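For reference, the structure discussed in these notes is given below.
Throughout, read-outs are computed from the coordinates displayed, never taken from laboratory work. In this text the structure is predicted, and so the values were computed from the model without any measurement. Every residue, glycine as well, gets a Cβ built from its backbone with ideal geometry; the counts of neighbours run over all protein chains shown.
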Amino acid sequence: MVRLLDVYKTYENGTNALKSVSLRIDDGEFVFLVGPSGSGKSTITKILTSEIKPTSGHAMINGYNLVTIKESEVPYMRRTIGVVFQDFRLIEKKTVYENVAFAMRAVGAPTKMIKKRVGYVLELVGLAHKAKRFPHELAGGEQQRVAIARALINNPKMLIADEPTGNLDPRRSLEIMKLFERINSLGTTVLVVTHERELVDDLSKRVVAIDNGRIISDRTGGYYQE
Ligand SMILES: Nc1ncnc2c1ncn2[C@@H]1O[C@H](COP(=O)(O)OP(=O)(O)O)[C@@H](O)[C@H]1O
Ligand SMILES: [Mg+2]
């Protein structure tokens, strides 16, 4: 779940990136966040991942208060979310398997459990047969699917993807969106940031539109239209 209430963000240089943003996302929802470049989309995702704090207002994710959260609690909050970026951010020297297993090792899971879970998530993203490959041996769409598998490894309640298809061609992009749809149908809340209008129109989901730091539309079924 996400609760943003009257959130403002002013960066140190004086840019007002968010102005009175309120947004409620319930468990199990699939939401697209759309808007032009510079409209404040990543500022929202960075608040949700606790990379930055709001200047004022209330912000919660999965029961954690993002305004008052202590540094020491942030890793626990982050285990409840999976994050996917435009540039994949895989570790080049690790195999697909190791890239995905990494975050589970970090929380001290036993090897047997890791094997089972990595097998499951790689199967889910359609890459079980590429477990031994290295990132540079994969196409862009495949690399992004590895990143998605990695984001899901610790079974987060919510997946947040910031322009995940920005580096992919339209066909791969649609595949990725369909994958998010499937992940959502299995129970994970999904927030996808994008400015690709056609993709959003293809899937009949809730679409929250932001422009110049303000939410200007929130409706189901297609891109914002004036
Ligand atoms: N670290 C920062 N310092 C100053 N201004 C920033 C910073 N990050 C983003 N901005 C500005 O805040 C506004 C919103 O940016 P952002 O949230 O990244 O937009 P989007 O993801 O929709 O492209 C833009 O005007 C951008 O230039
Ligand atoms: Mg952005």
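Okay, here's what the table says:
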item: Debye equation applied to the C-alpha atoms of segment 7-79, log10 I(q)/I(0) at 0.12, 0.22 Å⁻¹; result: -0.33, -1.08
item: Segment 66-141 - Debye-derived log10 I(q)/I(0), Cα point model, q = 0.14 Å⁻¹; result: -0.55
item: For segment 86-142 and segment 149-180, distance of Cα centres in Å; result: 14
item: Mean residue ellipticity (222 nm) of the chain, computed from DSSP H runs ≥ 4 via -39,500 (n - 2.57), nearest 500; result: -9500 deg cm²/dmol
item: Antiparallel bridges, percent of DSSP beta bridges restricted to the chain (to nearest 5); result: 50
item: Cα-based convex hull, the chain, per residue volume (Å³, whole number); result: 124
item: Cα convex hull of segment 154-207, projected area averaged across orientations, nm²; result: 3.8
item: For the chain, built as a Gaussian network whose Cα springs stay under 10 Å, the top-fluctuating residue of ARG206, ARG105, ARG214; result: ARG105
item: For segment 59-127, size of Cβ-based charge dipole, Lys and Arg +1, Asp and Glu -1, in debye; result: 300
item: Alpha-carbon Rg with Dmax, taken over segment 50-180, Å; result: 15.6, 47
item: Listed residue pairs exceeding 30 Å between alpha carbons, taken from LYS53/LYS115; LYS116/LYS205; LYS41/LYS132; LYS53/LYS178; LYS130/LYS178; LYS46/LYS205; result: LYS53/LYS115; LYS116/LYS205; LYS41/LYS132; LYS53/LYS178
item: Rounded to the nearest 20 debye, dipole of segment 34-188 from Cβ charges on Lys, Arg, Asp, Glu; result: 560
item: Positive-end residue of ILE114, LEU66, MET77, charge dipole of the chain with Cβ unit charges; result: ILE114
item: Net dipole in debye of segment 97-226 [+1 Lys, Arg Cβ; -1 Asp, Glu Cβ; about Cα centre; nearest 20]; result: 880
item: Segment 144-226 - share of DSSP beta bridges that are antiparallel (%, nearest 5); result: 55
